[in-house]
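Asks: What follows is a structure written as structure tokens; I'll ask about it next.
The values are calculated or read from the model by the stated rules, or taken from the named source; none is laboratory data. Model, not experiment: these values are computed from the prediction. Cβ coordinates were reconstructed from backbone atoms using ideal geometry, including for glycine residues, and neighbour counts include every protein chain displayed.
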Amino acid sequence: MSKDKDTSKLWGGRFNEPTDSFVQRYTASVTFDQRMAAEDIAGSRAHASMLASVGVLTQAELEQILDGLDQVAAEIEAGEFNWSIELEDVHMNIEARLTELIGITGKKLHTGRSRNDQVATDIRLYLRSAIDRIAEELTRLQRGTIGLAADNTATIMPGFTHLQTAQPVSFGHHLLAWNEMLERDHGRLMDCRTRMNQSPLGAAALAGTTYPIEREHTAAALGFDKPTENSLDSVSDRDFAIEFCSFASLLMTHLSRMSEELVIWASAQFNFIELPDRFCTGSSIMPQKKNPDVPELVRGKVGRVNGHLISLLTLMKSQPLAYNKDNQEDKEPLFDTVDTVLDSLRAFADMVPAIKPRVENMREAARSGFSTATDLADYLVGLGLPFRDAHEVVGTAVAHGVETGLDLAEMELATLQGFCADIREDVFDVLTLEGSIGARDHLGGTAPNQVAAAAGRALALVESR
Ligand code: ARG
């Protein structure tokens with residue numbers, strides 16, 4: 001036995017000198033992959049139980065291993081576990097401690113397994129529970145958004161294109177547009193979970209193992225839908241991490257769009273909403289300031305999440321099959337993506353239900369921007385004018401309004417008749433804000449009854465999952 005060579009390493013057998021101390025630190029992952037300790041232990045439990053069921057371990061050995069793993073788990077939970085860089089990663093730290101605790105049986109745990117299928121299993125388990133926590137926060141945000149929408153089906157604000165006043169819309173309708181983005185995000189997250197939920201355990205280093213393992217056994221014990229199909233793919237695949245990060249990029253993109261609107265709406269110039277003080281901070285020099293820091297930060301955090309997606313895509317690009325050490329670089333971007341998404345969703349889920357619309361200001365903005373100009377054109381079409389001519393007539397009316405400072409609904413009937421003689425008193429029904437949104441009474445339209453129905457459907461969908 002080569003006890004005087006590199007004794008500290010679980011793989012030290014073929015080495016003639018110890019690892020360079022810098023290389024040791026450079027190649028170690030334990031500082032960050034210890035986050036997967038619980039998943040690593042769960043995987044080891046399933047693997048050991050399977051080995052016992054096929055007769056590779058005795059029942060007594062299995063019990064020793066399970067008891068030992070209990071103790072390791074307790075030490076980790078209590079913060080008493082001594083993580084060591086020399087032991088490189090979470091897998092070898094736990095295995096070495098197990099062996100320290102239970103002796104030679106601990107060394108049998110790794111039979112028919114490799115760190116390559118072990119780490120692939122751990123990441124999937126970790127990500128699966130992260131996905132479940134993220135789905136919960138996302139759902140909480142959706143509930144809050146739909147609730148605020150249901151309270152504001154008839155609250156009128158200007159709808160914008162090019163950030164210019166376009167047509168009046170219900171504030172609830174605008175919020176339900178947010179919910180549509182979030183609903184698609186939820187769907188993508190669930191798709192990612194389904195494709196990810198397969199067990200790579202048993203692929204071993206890359207080619208499978210000579211022991212009579214039962215992969216269905218470990219897959220079921222760990223809550224996977226089934227084992228993965230191909231051993232080479234099992235240890236090399238990180239598609240699920242990339243899929244998750246692309247879900248995250250798109251979700252954060254959506255949150256950043258919402259953030260931008262909140263920042264604009266909360267400005268003194270728009271003054272459409274009040275953000276509760278607890279989500280804002282002050283300025284150390286300008287006493288009047290109340291800054292919308294939370295939406296601003298969420299908007300800013302898209303940068304790192306997009307960066308992590310590119311990191312993972314670049315990490316996997318051109319990697320030959322099967323496992324390469326490059327893959328150790330998958331964890332930090334993935335973990336930071338999980339943390340950022342969870343925190344950002346939490347901030348939004350807490351904040352959105354607390355938004356107070358300034359109903360009068362929204363209404364005034366909608367009223368003063370010629371937002372019912374299209375309604376007047378549609379009215380003229382109803383009188384028999386071709387749409388293009390109606391558009392021209394209304395353009396002239398708006399020009400007059402700009403000159404005189406009057407909105408269309410504020411002009412005298414006689415003035416309006418000066419632009420088109422056929423206009424009657426009933427024109428004012430369509431020029432009012434209520435008339436304008438109420439007339440868009442179809443599926444997906446902004447009429448308050450449609451918005452109320454849409455909120456009901458959206459909530460039912462959220463509650464059905
Ligand atoms: N720490 C490694 C990782 O994160 C575990 C797998 C190491 N496998 C190996 N053959 N060196 O990928």
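Asks: Counting only residues that are closer than 29 Å to ASP336 by Cα and either of a type in the set (Phe, Trp, Tyr) or in contact (Cβ under 8 Å) with a residue 60 or more places away in the chain (or both), give me the helices (runs of 4 or more DSSP H) lying completely in the stretch 112-228 with at least 3 of them.
Replies: 115-151, 171-196
Asks: Got a number for residues in the stretch 83-101 being crowded, with 22+ Cβ neighbours inside 10 Å and of a type in the set (Val, Ile, Thr)?
Replies: 2
Asks: State which residue is nearest to the ligand (Cβ to nearest atom) when the search covers only the stretch 300-357 and only residues that are among the hydroxyl-bearing types (Ser, Thr, Tyr) and part of a helix (DSSP H, G or I).
Replies: Of the stretch 300-357, the ones among the hydroxyl-bearing types (Ser, Thr, Tyr) are 311, 314, 318, 323, 337, 340, 344.
Still in the running and part of a helix (DSSP H, G or I): 311, 314, 337, 340, 344.
Working: SER311: 15, THR314: 17, THR337: 16, THR340: 21, SER344: 26 Å.
Per the criteria, the residue is SER311.
Asks: Still on this model: When you go through (1) within 16 Å of the ligand (Cβ to nearest atom); (2) among the polar types (S, T, N, Q); (3) assigned to a helix (DSSP H, G or I) one by one for ASN361, which number turns out not to apply?
Replies: (1)
Asks: Cβ-Cβ under 6 Å, sequence separation 6+ or interchain: first residue in the stretch 346-364 and under 11 Å from ALA266 (Cβ atoms), partner acidic (Asp, Glu). Which pairs?
Replies: Pairs found: LYS356/GLU274.
Asks: Do you know which residues across the stretch 184-199 are more than 14 Å from ASP225 (Cβ to Cβ) and aliphatic (A, V, I, L, M)?
Replies: Keep residues of the stretch 184-199 that are more than 14 Å from ASP225 (Cβ to Cβ), which gives 184-189.
The one that is more than 14 Å from ASP225 (Cβ to Cβ) and aliphatic (A, V, I, L, M): LEU189.
Asks: Hey, could you check the stretch 12-29 for residues that are polar (S, T, N, Q), within 16 Å of the ligand (Cβ to nearest atom) and outside any loop (DSSP other than H, G, I, E, B) and say which is surrounded by the fewest Cβ atoms within 10 Å (Cβ to Cβ)?
Replies: Checked the stretch 12-29; the qualifying residue surrounded by the fewest Cβ atoms within 10 Å (Cβ to Cβ) is THR27.
Asks: Separate question: Looking at the stretch 82-109, which of its residues are in a loop (DSSP other than H, G, I, E, B) and without any contact (Cβ under 8 Å) to a residue 40 or more places away in the chain?
Replies: Of everything in the stretch 82-109, just one residue is in a loop (DSSP other than H, G, I, E, B) and without any contact (Cβ under 8 Å) to a residue 40 or more places away in the chain, namely ASN82.
Asks: Could you say whether any residue in the stretch 418-438 is at pLDDT 95 or above, more than 49 Å from the chain's Cα centre (by Cα) and assigned to a helix (DSSP H, G or I)?
Replies: Scanning the stretch 418-438 turns up at least one residue that is at pLDDT 95 or above, more than 49 Å from the chain's Cα centre (by Cα) and assigned to a helix (DSSP H, G or I).
Asks: Any idea which of ALA414, ALA366, ALA397 is surrounded by fewer than 12 Cβ atoms within 10 Å (Cβ to Cβ) and of a type in the set (A, V, I, L, M, F, W, C)?
Replies: ALA414
Asks: Can you tell me which residue in the stretch 314-356 is surrounded by the most Cβ atoms within 10 Å (Cβ to Cβ), limited to those that are more than 15 Å from MET252 (Cβ to Cβ) and aromatic (Phe, Trp, Tyr)? Walk me through it before giving the result.
Replies: Initial filter on the stretch 314-356 (more than 15 Å from MET252 (Cβ to Cβ)): 314-332, 335, 350-356.
Filter once more, keeping what is aromatic (Phe, Trp, Tyr): 323, 335.
Numbers: TYR323: 21, PHE335: 19.
By that ranking, first place goes to TYR323.
Asks: If you go through the stretch 246-270, how many residues are assigned to a helix (DSSP H, G or I), over 10 Å from ARG299 (Cβ atoms) and of a type in the set (A, V, I, L, M, F, W, C)?
Replies: Selection size over the stretch 246-270: 7.
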